[in-house]
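Right, I'll just put the structure down here and ask away after.
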There are 2 protein chains.
Amino acid sequence: MATIQDIANRLGISASTVSKGLNGANDISEQLRQTVLETAVEMGYTPRQMRTKGIRKLCVFIENMSYQNADQFGYDIILGFKQAAYPARCDVNVMPVTPEFQALEKYDTYMLKNGYAGAFLVGFALQDPWMEQLATTTIPTTLFDNYIRKNPNVSYIGTDSYEGIDDAIEHLIALGHKKIAMFSGSAHSMITEQRRLAYIESMASHNLEVNEKWMPYGYYVAAAAKDHVAELLSLGATAIVCGNDLLASGVLDECKGLGYKVPEDVSIIGFDDIPLSAKLDPPLTTVRQDRIELGKCGFYTLSSTINHVSVSKNLLRPQLILRESTGPVRK
Amino acid sequence: MATIQDIANRLGISASTVSKGLNGANDISEQLRQTVLETAVEMGYTPRQMRTKGIRKLCVFIENMSYQNADQFGYDIILGFKQAAYPARCDVNVMPVTPEFQALEKYDTYMLKNGYAGAFLVGFALQDPWMEQLATTTIPTTLFDNYIRKNPNVSYIGTDSYEGIDDAIEHLIALGHKKIAMFSGSAHSMITEQRRLAYIESMASHNLEVNEKWMPYGYYVAAAAKDHVAELLSLGATAIVCGNDLLASGVLDECKGLGYKVPEDVSIIGFDDIPLSAKLDPPLTTVRQDRIELGKCGFYTLSSTINHVSVSKNLLRPQLILRESTGPVRK
């Protein structure tokens, strides 16, 4: 476990300043205190008050998502959640789960048995056993990218898909593009549908034509691009907005394989800004979800839900990250 | 100003227990502490730590909305905001503003000059001078029922219109209604459009017919009902969902004036649950926005925004309140 001295070394400040930050002393700035707290959490330091009583126990359940290393999608989400939880004196357990485990243990029972005041669920699929139980759970629960209707104990957080897709399309329009296609992930995913709908609304609001042929579904694997990219290009698309970065990387490979240059012939935009996107050739323009913010938002929203402020959905602002996969439309 | 003894008398506990609650002592329950804090705020008690330094100053700007008395729409919103702000050591000023004032003082300048860390804006109209400035403000700002695109410093809170209207329509369907009309407020209001869209989506999801004739716009005054109710009834509507309670009260009067009984001949549902709705004859079934929760949500969301967690929208769950203005469809 990291010590106070480790934190001091990392930040280049004295151990006594770190102590002040951890203990909420008044004679250091609020900003420095925040930095100390967030670094402590990041380095795995467990503050003394968390080792004693009076702490609220929360659980992060994670499925279908890697989170052990800093370059995996779930890592920063969990880090952000912990960074927000710590100053609020909450203890956070992280627990990977499988559908099999969910089938064995009822959600409410598991939560009560373990004394959890609430949970943040990340990466769950619609058909997971616990998703059905959430319709009636009495346990305060916040979901990342999943929505449960009408249960005041359950809230949903995510990124504002509409604003993200609209940012992407406005950027392409500014570069002269009009024939903009959308390559989506798997049908029947809430997020896929949200981003498709956002595409339709954004295109319409800019008086650009849309039709079904321009918006095929793939699967959430890069290889899905093989089945669709050639047709989109033959229809005259000069830009392809993708449902996520993985799809975009597949589209990029496929375009190059077909002899198209990116961005000279085709512009490509992803969604998420996973670490991979900056390393592609060319590096990918993408709509960023800030995963640290998502984690913090998960904690704040769960706290609201625990305090009977029944959030339905809490959506964060995305940010368009400009790299080299987009350029002026070809003449 | 209320004293500690006043709070003790109101709650039927000792003054020393109130002090413990106000000072965050460990030997009273978290729930009692919360009750003490919320009552203190409600009674106008200003705790000592707020009279000294180290406090973050926030401002609630309010326009087009009364808030001085407990039966006015803004009262509980402001109370909820203060109740959430106090334990977080924030000082809250409430300031009514007019378009004329906004034209004289730039928003950012006013905020900086007065040392405010952020603001919660309630009741503003789209054409207000400050609304345009919010597109580029650098001051953390949260709006009730207004949305500013793409500025990470500005967030929007409100009630989930879709879920509220869908609750209303599902209730009517359970009572046998199929010919359900929607009477909206003024066109070009974001909330009007949201609720109309929610009506269209909800009707479609239940395979019920919608068409433009069934969804007239009025104005946000009760008298607007005179121009539209007779036609809706002549088209065969057996239920009318209204854009807010004031419109619903107009629809109720108009139905009765035309010789229709409520709910025997026509069912009527409002939106908001203002204090008036329980006093109508018959009392109004309506979709409740919990105004204390809205106020608290305003504070939590503003805190997120101040902490660089850029919320786009944070929507609360509505609650359908069943009273006597809805009943089984007439045979």
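In the set B:205, B:184, which member is surrounded by 15 or more Cβ atoms within 10 Å (Cβ to Cβ) and either farther than 13 Å from residue B:251 by Cβ or at pLDDT 90 or above (or both)?
B:184
Got at least one residue in region A:258-277 being of a type in the set (S, T, N, Q), within 27 Å of residue B:312 (Cα to Cα) and within 25 Å of the chain's Cα centre (by Cα)?
yes
Find the residue count for region A:168-189, including only residues that are more than 30 Å from residue A:131 (Cβ to Cβ), of a type outside the set (Lys, Arg) and touching a residue at least 40 places away in the same chain (Cβ under 8 Å).
Total meeting the criteria: 8.
Taking residue A:36 and the conditions (1) modelled with pLDDT of 90 or more; (2) out of contact with any Ser or Thr (no Cβ under 6 Å at 6 or more places or on another chain); (3) open to solvent by less than 20 Å² (accessible area, probe 1.4 Å), which numbered condition does it fall short on, given that it satisfies the others?
With (1) modelled with pLDDT of 90 or more; (2) out of contact with any Ser or Thr (no Cβ under 6 Å at 6 or more places or on another chain); (3) open to solvent by less than 20 Å² (accessible area, probe 1.4 Å) applied to residue A:36, the lone miss is (1).
Still on this structure, I have one more. Exactly one condition in (1) in contact with a helix residue (DSSP H, G or I) (Cβ under 6 Å, 6 or more places away or on another chain); (2) open to solvent by less than 40 Å² (accessible area, probe 1.4 Å); (3) more than 14 Å from chain A (Cβ to nearest Cβ); (4) modelled with pLDDT of 80 or more is false for residue B:17; which is it?
Of the numbered conditions (1) in contact with a helix residue (DSSP H, G or I) (Cβ under 6 Å, 6 or more places away or on another chain); (2) open to solvent by less than 40 Å² (accessible area, probe 1.4 Å); (3) more than 14 Å from chain A (Cβ to nearest Cβ); (4) modelled with pLDDT of 80 or more, the odd one out for residue B:17 is (1).
Among the residues that make up region B:100-114, is at least one of them more than 15 Å from residue B:306 (Cβ to Cβ), hydrophobic (A, V, I, L, M, F, W, C) and in contact with a Ser or Thr (Cβ under 7 Å, 6 or more places away or on another chain)?
no
Per-residue answers, yes or no, for (1) over 30 Å from residue B:187 (Cβ atoms); (2) out of contact with any Leu (no Cβ under 7 Å at 6 or more places or on another chain):
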residue	(1), (2)
B:114	yes, yes
B:119	no, no
B:123	no, yes
B:142	no, no
B:149	no, yes
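Open to solvent by less than 30 Å² (accessible area, probe 1.4 Å) and of a type in the set (Asp, Glu), is that true of residue B:166? Steps first, answer last, please.
Details: open to solvent by less than 30 Å² (accessible area, probe 1.4 Å): yes; of a type in the set (Asp, Glu): yes.
So residue B:166 passes the test.
The rows are residues; the columns are (1) touching a helix residue (DSSP H, G or I) at 6+ places or on another chain (Cβ under 8 Å); (2) free of Cβ contacts under 8 Å to residues at least 40 places away in the same chain; (3) surrounded by 12 or more Cβ atoms within 10 Å (Cβ to Cβ).
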position	(1), (2), (3)
B:3	no, no, yes
B:27	yes, yes, no
B:58	yes, no, yes
B:85	yes, no, yes
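Which one is nearest to residue A:320 (Cα to Cα), of the residues in region A:274-302 that are out of contact with any Asp or Glu (no Cβ under 7 Å at 6 or more places or on another chain) and hydroxyl-bearing (Ser, Thr, Tyr)?
Selected residue: A:285.
List the number of the failed condition for residue A:246; all other conditions in (1) in contact (Cβ under 8 Å) with a residue 60 or more places away in the chain; (2) within 21 Å of residue A:159 (Cβ to Cβ) hold.
Of (1) in contact (Cβ under 8 Å) with a residue 60 or more places away in the chain; (2) within 21 Å of residue A:159 (Cβ to Cβ), only one is false for residue A:246: (1).
Quick check: is even one residue across region A:139-152 surrounded by 16 or more Cβ atoms within 10 Å (Cβ to Cβ), of a type outside the set (Gly, Ala, Ser), at pLDDT 95 or above and out of contact with any Gly (no Cβ under 8 Å at 6 or more places or on another chain)?
Yes, the conditions are met somewhere in region A:139-152.
Out of (1) in a loop (DSSP other than H, G, I, E, B); (2) in contact with a Pro (Cβ under 9 Å, 6 or more places away or on another chain), the odd one out for residue B:126 is which?
(2) is the only condition that residue B:126 fails.
Still on this structure, please answer the following. Filter region A:187-200 down to residues that are in contact with a Leu (Cβ under 9 Å, 6 or more places away or on another chain) and not hydroxyl-bearing (Ser, Thr, Tyr) and give me whichever is least open to solvent (accessible area, probe 1.4 Å).
The residue in question is A:190.
Quick one: would you say residue B:247 is modelled with pLDDT under 95 and either crowded, with 24+ Cβ neighbours inside 10 Å or not in a loop (DSSP other than H, G, I, E, B) (or both)? Give the derivation first.
Details: modelled with pLDDT under 95: yes; either crowded, with 24+ Cβ neighbours inside 10 Å or not in a loop (DSSP other than H, G, I, E, B) (or both): yes.
Spelling it out, residue B:247 is indeed modelled with pLDDT under 95 and either crowded, with 24+ Cβ neighbours inside 10 Å or not in a loop (DSSP other than H, G, I, E, B) (or both).
Determine if region B:252-274 includes at least one residue that is free of Cβ contacts under 8 Å to residues at least 12 places away in the same chain, open to solvent by 30 Å² or more (accessible area, probe 1.4 Å) and within 14 Å of another protein chain (Cβ to nearest Cβ).
No - not one qualifying residue is present in region B:252-274.
Moving to a separate point now. Return yes or no: is residue A:240 in contact with a helix residue (DSSP H, G or I) (Cβ under 6 Å, 6 or more places away or on another chain) and more than 20 Å from residue A:187 (Cβ to Cβ)?
So residue A:240 does not fit the description; no.
Tally time: how many residues in region B:211-226 are surrounded by fewer than 17 Cβ atoms within 10 Å (Cβ to Cβ) and farther than 23 Å from residue B:125 by Cβ?
Here the count works out to 4.
Output the number of the condition that residue A:312 fails; it satisfies all remaining conditions of (1) open to solvent by 50 Å² or more (accessible area, probe 1.4 Å); (2) of a type in the set (Ser, Thr, Tyr); (3) in contact with a Phe, Trp or Tyr (Cβ under 9 Å, 6 or more places away or on another chain).
Looking at each condition in turn, residue A:312 falls short on (1).
Which ones in region B:53-83 are part of a loop (DSSP other than H, G, I, E, B) and more than 14 Å from chain A (Cβ to nearest Cβ)?
Quick first cut of region B:53-83, residues part of a loop (DSSP other than H, G, I, E, B) only: B:53-55, B:63-72.
Within region B:53-83, B:63, B:64, B:65, B:66, B:67, B:68, B:69, B:70, B:71, B:72 meet the criteria.
Is it true that some residue in region B:286-299 is open to solvent by less than 50 Å² (accessible area, probe 1.4 Å) and more than 14 Å from chain A (Cβ to nearest Cβ)?
yes
For region A:306-323, which positions are touching a Ser or Thr at 6+ places or on another chain (Cβ under 8 Å), facing chain B (nearest Cβ under 10 Å) and β-branched (Val, Ile, Thr)?
Once the filter is applied, which keeps residues that are touching a Ser or Thr at 6+ places or on another chain (Cβ under 8 Å), facing chain B (nearest Cβ under 10 Å) and β-branched (Val, Ile, Thr), region A:306-323 yields only A:311.
Could you tell me which numbered condition residue A:135 fails, if it satisfies all but one of (1) exposed (fewer than 15 other Cβ atoms within 10 Å of the Cβ); (2) outside any loop (DSSP other than H, G, I, E, B)?
(2)
The values are calculated or read from the model by the stated rules, or taken from the named source; none is laboratory data. Quick caveat: nothing in here was measured; it's all calculated off a predicted structure. Cβ sites come from the backbone with ideal geometry, for glycine too, and all protein chains shown count toward neighbours. Accessible surface is based on the protein model in full, side chains and every heavy atom, while ligands, DNA and RNA are left aside. Shrake-Rupley method; radii C 1.70, N 1.55, O 1.52, S 1.80 Å.
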